[in-house]
Amino acid sequence: MATRTVTVGSASGLHARPAALFVAAAGAAPVRVTIRTGEKRAVPANSMLSVLSLGAKQGTEVVLEADGEGAEATLDSLADLLARDLDAEEPADV
Amino acid sequence: MSEPAGPAPLHGIGVSPGLAGGPVLRVAPVPPLPAPVPVTDPDAEADRAVAALREVVAELTRRADRSGEKTLVDVLRAQAMMADDPVLLDAVREHVLAGTDAPHAVDAAFATHRAAFEAAGGYLAERVADLDDLRDRAVAVCLGRPMPGVPSPGHRYVLTAWDLAPADTVDLDPEQVVALVTESGGPTSHTAILARALGLPAVVACSGARDLVDGTVVLVDGTTGAVRVDVDPDELAAAETAERERRTAVAATSGPGRTADGHPVALLANIGAARDLAAADGAEGVGLFRTELLFLDRTREPELAEQAEAYREVFAALAGRRVVIRTLDAGADKPLPFLHQTDEPNPALGVRGLRLVRERPELLRTQLAAIARAAEQTGADVWVMAPMVATRAEAAQFADAVHEAGLPKAGVMVEVPAAALRAGQLLEVVDFLSIGTNDLSQYTFAADRQSGVLAELLDPWQPALLRLIAEVGTAGRAAGKPVGVCGEAAADPLLAPVLVGLGMTSLSMSGRSLAPVRAALAARTYADCERLARLALAADDAERARKAVA
């Protein structure tokens, strides 16, 4: 099983836009990915409601897990997404 | 034999002028869950439940595609993802296969996540309303009813409702909605403000509006407050032609605001962001630039550079003209997540507007620095004012902060009767005053702005309100400093000459209201305005004040 531990980089945490971007990316991945915080139960990463319920904030450590072909590459790109501050990439047009 | 009379017209308070008609459609109510029914074909029932959720996803996606507003698109897409959640869909199927009917299965599946969100608190607890909205939509589809909220039938119609919430206004498509009629609400309700911003005729506090059946053709007169029922097509067409002619005539007046004898009255626009400037084309400047938009839905305070950029965009478009920018007016009906304000029993009487600065002085410092930076880079004549000021000491403190930031013009809003009564003392320490009539009404009459039942107390024609405005006008004349109105009262073409007669030197309103107000002022001399002001002040009540002037 492939595993990545990553610290959430987005200022607003794994909420709102960052959560939507992450869940959409996980949903498009070729393998089933789970995400968990600490010792809590892992939840499907393609489930917006479950990911929001993690309540992960900026600086929270989360663990991604996946099995099968492409798991390593998938987790690399998802971990990279989580580590970035997606809020800061928000265009300042409002 | 006389013709059979049609149904009697309905009457309410006209809050946004103009004439428009069409078939009525109601804001669809949230359907209550009916009693559970036994499931005979679980597979078909599960498909029905899942199809309902898919329909909700499709509707939210359509709305996102139609909306040009980036923030709104993000919100709608995130909501669509919640309704499209594979864990949720699995749970719905499981509930149905265990014998629950589709609407109850949807309800049960959402209930699990609702409880989790509520237990988590903070940001997630605030999203519970989103979950409820999604559930209500899916349940309505299961029951074969329209999704709750503002309809989007793809043709022009008159929207009726008990009252409109700010959230409804997000869904309102001005290409389809031609007029608004609400059973409740008052002249300062969200419905009224929205209607004026969109230039839609609107009637509020209209008894009988919610009994109108969908499809009934009505003609709405937002000037008089009359709503004619069962109007025939010829009559509707004639009314629309007359309305077009009226609008053309009004739009033909242009140039700076002045009375018939040339007394200048600055006609300014109220805006919330640079994009509102398009509708404010004929304005001499901006009399109220609300800065809350930048702060809404933010989990942290926007940084100096981001603020400066947003302000610069507005200032740059107004080079050479006046821009009155209001510092953050949060609290009360505009709570901001990053402020983490504690619950107050009476938020409207609590820590809001400038009062926030007592606990968070850095908020004001950062905002003023951002304004100063933006002003430096542009040629606009930038004036800065504070909301919710009650005393001379507060005004003096604010003026000091503005001057320390390197900005020349400091003013305060008059929204609290205490400030109106001491306008002369305030003008000793600030350069100008601007009256927010909506809040000044609410605080003078101890009547909630959103209350439909108390609408008559919130009528801007109330002589007690006019008396407070007169206090400010007198103080302004004595000090030789500008005093204006930036509340919704300034947008009433009948009231505008009265306000000028009371001593107002500027009127600020949503862009679409400028032309009718300009035309109304051009038709009166300054002496007329003063006479009308005396008549209105002397009236016994709002209704008589209006009649005395009309």
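Structural remarks
- Share, in percent, of DSSP beta bridges within the protein assembly as shown that are antiparallel, nearest 5: 45
- Charge context of A:Ala71, other residues only, Cβ under 11 angstrom, K/R +1, D/E -1: -3
- The alpha carbons of the range B:408-508 occupy a box of 42, 25, 22 Å along the principal axes, longest dimension given first.
- Heavy-atom surface analysis with a 1.4 Å probe gives the protein assembly as shown a carbon and sulfur content of 53 percent of its accessible area.
- Separation of alpha-carbon centers, the range B:471-490 and the range B:292-360, rounded to whole Å: 24
- Among residues other than B:Trp461 with Cβ under 11 Å from its Cβ, the summed charge is -2 (Lys and Arg +1, Asp and Glu -1).
- Under a 5 Å amide H cut-off, with hydrogens placed 1.01 Å from N, B:Trp162 pairs with B:Glu183 among residues at least 5 apart or on other chains.
- Neighbouring partner chain Cβ atoms per residue of A:38-47, average, 10 Å criterion: 2
- Once Rg and the Kirkwood radius are both taken over the C-alpha atoms of the range B:116-191, their ratio Rg/Rh works out to 1.05.
- Summed over both chains, the accessible area lost when A and B associate is about 1800 Å², using a 1.4 Å probe.
- Estimated purely from DSSP H runs of n ≥ 4, each contributing -39500 (n - 2.57), the mean residue ellipticity at 222 nm for chain B is -13500 deg cm²/dmol once divided by its residues.
- Applying the criteria of a DSSP loop state and at most 15 other Cβ atoms within 10 Å to the chymotrypsin sites (Phe, Trp or Tyr not before Pro) of the range B:115-178 yields B:Trp162.
- The smallest convex shape that holds all Cα atoms of the range B:257-549, its convex hull, gives 120 Å³ per residue.
- With helices as the sole contributors, chain A gives -10000 deg cm²/dmol at 222 nm; each DSSP H run of n ≥ 4 counts as -39500 (n - 2.57), and the sum is divided by every residue.
- Here the ratio of the Cα radius of gyration of the protein assembly as shown to 2.2 N^0.38 Å is 1.06.
- Accessible area of the range B:42-142 divided out per residue, in Å², using a probe of 1.4 angstrom: 41
- Net charge, B:Ser184 excluded, C-beta distance under 14 Å - Lys, Arg +1, Asp, Glu -1: -3
- Distance from the range B:80-134 to the range B:19-50 (C-alpha centre basis), Å: 17
- The mean number of Cβ atoms from other chains found within 10 Å of a Cβ in peptide B:117-127 is 3, as a whole number.
- Using only alpha-carbon positions in the range A:2-83, the gyration tensor eigenvalues give semi-axes of 18, 13, 12 Å once each is multiplied by 5 and square-rooted (largest first).
- Placing pseudo-labels 7 Å out from each Cα toward the beta carbon at B:Phe338 and B:His11 gives an inter-label distance of 5.0 nm.
- Separation of alpha-carbon centers, the range A:29-94 and the range B:420-439, rounded to whole Å: 53
- Ratio Rg/Rh [Cα only; Rh per Kirkwood] for the range B:42-142: 0.99
- Spread of Cα-to-Cα distances over 5 Å intervals beginning at zero, given as percent, for the range B:202-301: 2, 9, 12, 12, 13, 13, 14, 14, 8, 3, 1, 0
- Chain B, dipole about Cα centre (Lys/Arg Cβ +1, Asp/Glu Cβ -1), debye to the nearest 20: 2020
- Inter-site label distance for B:Glu292 and B:Asp47 at 7 Å from Cα along Cβ, in nm: 4.9
- Plainly put, chain B has a radius of gyration that is 1.00 times its Kirkwood radius, both from alpha-carbon atoms, as the Rg/Rh ratio.
- Most positive-pole-ward Cα, B:Leu457, B:Ser510, B:Ala479, against dipole of the range B:375-523 from beta carbon charges: B:Ala479
- With N as its number of residues, the range B:361-446 has a Cα radius of gyration that, divided by 2.2 N^0.38 Å, comes to 1.12.
- Normalised per residue, the volume of the convex hull around the Cα set of the range B:354-396 (Å³): 73
- When each of the peptides A:46-58, B:502-514, B:210-222 is scored by the mean number of other C-beta atoms lying within 10 Å of its residues, the order from highest to lowest reads B:502-514, A:46-58, B:210-222.
- For the residues of A:7-19, the average number of beta carbons from a partner chain within 10 Å of their own beta carbon is 3.
- Whole-Å semi-axes of the range B:267-347's equivalent ellipsoid (Cα gyration tensor): 27, 15, 9
The values are calculated or read from the model by the stated rules, or taken from the named source; none is laboratory data. These numbers were taken from a predicted model, which means no experiment stands behind them. Positions of Cβ are generated from backbone atoms using ideal geometry, with glycine treated the same way; all protein chains shown enter the neighbour counts. What goes into the accessible areas is simple: the full protein's heavy atoms, side chains included, and nothing from ligands, DNA or RNA. Shrake-Rupley method; radii C 1.70, N 1.55, O 1.52, S 1.80 Å.
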